[in-house]
1. Given 25 °C and 0.890 mPa s, compute D for segment 1-231 with the Stokes-Einstein relation, Rh being the Kirkwood radius over Cα pairs; round to the nearest whole µm²/s.
2. I'd like the accessible area for Ser173: 1.4 Å probe, protein heavy atoms, all chains in place, Å² to the nearest 10.
3. Loop sites only, by DSSP: take the trypsin sites (Lys or Arg not before Pro) in the chain that have at most 11 other C-beta atoms within 10 Å and name the longest stretch containing none of them.
4. For an R0 of 22 angstrom, estimate the FRET efficiency from the Cβ-Cβ distance between Asn152 and Lys113 and round to the nearest 0.05.
5. Can you tally the net charge around Gln171? Count Lys and Arg as +1, Asp and Glu as -1, for every other residue whose Cβ sits under 15 Å from the Cβ of Gln171.
6. If you average over every viewing direction, what projected area does the convex hull of the Cα atoms of segment 84-170 give, in nm²?
7. Placing unit charges on C-beta atoms (Lys and Arg positive, Asp and Glu negative, everything else neutral), compute the dipole magnitude of the chain about its Cα centre in debye, rounded to 20.
8. Distance in nm between label sites at Asp37 and Ser84, each 7 Å beyond Cα in the beta-carbon direction?
Amino acid sequence: MRESANHIDQQIVFEDNHLLIINKKAGQLVQGDKTGDASLLDLIKDFIKKRDQKPGNVFLGLVHRIDRPTSGLVIYAKTSKALSRLTQMVKNREIKKTYWALVAKEMIPQTQKLVHYLKKNEKNNKAIVFPKVTDGAKEAILTYNLLKILDNYQLLEIDLETGRHHQIRAQLSKIGIPIKGDLKYGAARSNPDGGIHLHARKLEFTHPVTKENLEITAPVPQNDAVWKACEC
């Protein structure tokens, strides 16, 4: 069933003349791909066109991506000026991204910095993890803190220093704690909705036009009891 733009307004967590930040649901595409499924980029354009009664095309640019099975914050730019500045900020690592991940209950340090080298395998759309510098592999750095221990899982808060393909999923799997539901990277079973328990929780950055300091936090999926237990 194709998704409609009717409820997009309920996913918007920040909007002004230059930016729109959305709390993506697991399973939603941030932009169109070969599946032909409706993407958030198209849905938001349709929503703005109707809401603002715009006669022409709506400008909307995707600033960064998160994986389809992941939920959480995604930034879209409503002006070309904001898009070019934000794209440069992403390259310069000037946008601080914090994720929440639910992982298997294994004995791990309370906090740990992970440094690996990742290479994308195009055939199976998966990141291969290397422990040291390897030809064709890019450095991947994150730091996690153990926030909460639940009955069957534990909650990690992750500060992402680099933004590589499947980085968090691959690095956590490499140290023996795959993300809940992430079959591709070694989870024991899938989630009923096909998503994974990885959530882009917080963004911190300077507004590219107004220069205001922004700190945006996304609530976890409210239809998921395990996620909800994390916010208690």
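The values are calculated or read from the model by the stated rules, or taken from the named source; none is laboratory data. Please read all numbers here as calculations on a predicted model, not as lab measurements. So basically every Cβ, Gly included, is an ideal-geometry build from the backbone, and we count neighbours across all protein chains shown. When the accessible area is computed, the model is the full protein with side chains, heavy atoms only, and any ligands, DNA or RNA have been set aside. Shrake-Rupley method; radii C 1.70, N 1.55, O 1.52, S 1.80 Å.
1. The Stokes-Einstein estimate is 132 µm²/s.
2. Ser173 exposes around 40 Å² with every protein chain in place.
3. That would be 35-122.
4. E between Asn152 and Lys113, to the nearest 0.05, is 0.25.
5. Charge balance near Gln171 sits at +4.
6. Computing the convex hull of the Cα atoms and averaging its projections yields 7.1 nm².
7. Value, rounded to 20: 600 debye.
8. 3.4
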